[in-house]
Structure formats: C-alpha cells, structure tokens
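**Q** I have a structure here, written as structure tokens, and I will follow up with some questions on it.
The values are calculated or read from the model by the stated rules, or taken from the named source; none is laboratory data. Predicted model only: the values in this text are computed from it and were never measured. Positions of Cβ are generated from backbone atoms using ideal geometry, with glycine treated the same way; all protein chains shown enter the neighbour counts. Heavy atoms of the whole protein, side chains included, go into the accessibility calculation; ligands, DNA and RNA do not. Shrake-Rupley method; radii C 1.70, N 1.55, O 1.52, S 1.80 Å.
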Amino acid sequence: MKILRAVVLGIVVFLSHPCYSQSPLTIEQIQAEVRDNLEKINSYYSQIEIMFFQAGGENMQITGEIFFAKPDKIKMTMGVKSNEATNQYMYSDGDTLWQYM
C-alpha cells in the first residue's frame with residue numbers, strides 16, 4: 001500500500017511540474033497574442049442576449065445578432081424579445097454606418 005501511495009504521489013508531482021515551471025505571461029505578451037489572433041479573423045457571427053432585471057417591475061430581454069466581415073462590414077439586429085416594433089438595425093459598409101429604429 002505504501003508503494004502505491006508513493007507511485008501515485010510521484011506521478012502527481014511529475015505531471016504537475018510543467019504547469020508550475022513556466023513563468024506567467026506579461027500583459028504585453030498577452031496583448032501581442034490577442035492582436036495576432038485578431039489579425040487572423042476575417043469574419044464572425046454572434047447571437048446576443050441581454051437581460052435587464054428591474055426591481056418590482058417586469059424584466060426585459062433584448063436579443064439580437066451581429067455579423068462582421070473584414071474590412072469593417074457590419075450587420076446588427078437587436079430588439080426586445082417577442083416585440084418586432086422595437087427592433088433596431090445597424091449596417092456598415094466600412095465607410096458609413098446606417099441605423100434604423
């Protein structure tokens with residue numbers, strides 16, 4: 001039993017060593033890595049959901065979608081859930097931003 005405990009402890013120490021042997025990244029290194037990764041993104045799509053909680057009142061949920069494509073082309077739709085009359089639309093061709101409410 002003592003041998004089994006020693007083997008397990010040895011494995012844990014051996015496997016955890018690489019996690020602690022690396023020095024933490026600096027803010028500058030993290031920023032550079034984020035910038036490099038952003039340069040590789042050509043487009044993205046995201047669904048948005050925002051909840052507003054009102055004390056003593058009715059909660060409100062805003063939902064929407066964002067489409068983005070380089071260079072700076074955007075299509076965004078947002079509105080109060082289940083209420084078409086509150087939708088907001090934003091479009092951009094990279095030079096001009098249009099907003100419809």
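**Q** State the number of residues belonging to segment 58-72 that are out of contact with any Phe, Trp or Tyr (no Cβ under 6 Å at 6 or more places or on another chain) and surrounded by 10 or more Cβ atoms within 10 Å (Cβ to Cβ).
**A** Taking segment 58-72 first, the residues out of contact with any Phe, Trp or Tyr (no Cβ under 6 Å at 6 or more places or on another chain) are 58, 61-66, 69-72.
Now drop any that are not surrounded by 10 or more Cβ atoms within 10 Å (Cβ to Cβ), which leaves 61-66, 69-70, 72.
Number satisfying all stated conditions: 9.
**Q** A follow-up question, please. Give Tyr91, Tyr100 a once-over and let me know the one that is touching a strand residue (DSSP E or B) at 6+ places or on another chain (Cβ under 6 Å) and exposed (fewer than 11 other Cβ atoms within 10 Å of the Cβ).
**A** Numbers: Tyr91 fails: exposed (fewer than 11 other Cβ atoms within 10 Å of the Cβ).
Result of the check over Tyr91, Tyr100: Tyr100.
**Q** Then there is this: Quick check on segment 1-57: of everything there that is at pLDDT below 85 and in contact with a strand residue (DSSP E or B) (Cβ under 8 Å, 6 or more places away or on another chain), which residue is surrounded by the fewest Cβ atoms within 10 Å (Cβ to Cβ)?
**A** So the residue we want is Gln54.
**Q** Restricting the first residue to segment 30-52 and requiring it to be over 21 Å from Gly64 (Cα atoms), which pairs with a second residue that is open to solvent by 90 Å² or more (accessible area, probe 1.4 Å) meet a Cβ separation below 8 Å and a spacing of at least six or different chains?
**A** Close Cβ pairs (under 8 Å, with a partner that is open to solvent by 90 Å² or more (accessible area, probe 1.4 Å)) amount to Glu33/Leu25.
**Q** Follow-up question, since we're still on this one. Cβ-Cβ distance below 8 Å, separation of 6 or more or different chains: which pairs start in segment 62-76 with a residue that is among the hydroxyl-bearing types (Ser, Thr, Tyr) and end on one that is assigned to a loop (DSSP other than H, G, I, E, B) and open to solvent by 70 Å² or more (accessible area, probe 1.4 Å)?
**A** So the pair list comes out as Thr63/Lys81.
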